[in-house]
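Heads up: the structure comes next, in structure tokens.
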Amino acid sequence: MANEQAHEHGELVVKLMAGKATQDEAARVGANWKQWVRQEWEGSQDRAAAFSVEALSTAFGGGRGEWGTLTTEEGTALLQFFMLAYLPTRSSRDDDARSLRDVVRNSGMKLRHYAQKIM
């Protein structure tokens, strides 16, 4: 996804997760999601989630780091946000997870608080 498209998509995801997206915006996010799962993950949402969790866990210090302090609900919210907003590929997932880590750090929030904000 080109940078401009990715930025627009990310903004739509934020609106969607906040419950402020229009029906058309939600449909666009959904269409991007379906295409991503089909093209990048052979149609397997489970595979996409597994690879994404691994990348997020590594980026946020694993079980002994910030990732390990999250509740199931917080981890799930971050995973959903990451997958929807970044649409990570096999080759980009680690860089994308580090990018999200940088966003969280630059926000001045702890990972747990960031997760709660997007829930």
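All of the numbers you see were taken from the coordinates with simple rules; none came from a lab. Only a predicted model underlies this, so the values are computations on that prediction, with no experimental measurement involved. Cβ atoms come from the backbone with ideal geometry, glycine included; neighbour counts cover every protein chain shown.
Do we have any residue at all in the range 35-58 that's under 17 Å from Glu8 (Cα atoms) and over 15 Å from the mean Cα position of the chain (by Cα)?
Yes, that holds for at least one residue.
Filter the range 57-107 for residues that are hydroxyl-bearing (Ser, Thr, Tyr) and closer than 20 Å to Met17 by Cβ; which is surrounded by the fewest Cβ atoms within 10 Å (Cβ to Cβ)?
Ranking the candidates gives Thr72 first.
Out of Thr71, Thr58, Thr89, I need the residue that is β-branched (Val, Ile, Thr) and over 27 Å from Ala26 (Cβ atoms). Which one?
Thr58
Do we find that Ala21 is over 22 Å from Ser99 (Cα atoms), out of contact with any His (no Cβ under 9 Å at 6 or more places or on another chain), surrounded by 12 or more Cβ atoms within 10 Å (Cβ to Cβ) and free of Cβ contacts under 8 Å to residues at least 60 places away in the same chain in this structure?
So Ala21 fits the description; yes.
Go through the range 62-111 and give me each residue that's in contact with a Gly (Cβ under 7 Å, 6 or more places away or on another chain) and aromatic (Phe, Trp, Tyr).
Of everything in the range 62-111, just one residue is in contact with a Gly (Cβ under 7 Å, 6 or more places away or on another chain) and aromatic (Phe, Trp, Tyr), namely Trp67.
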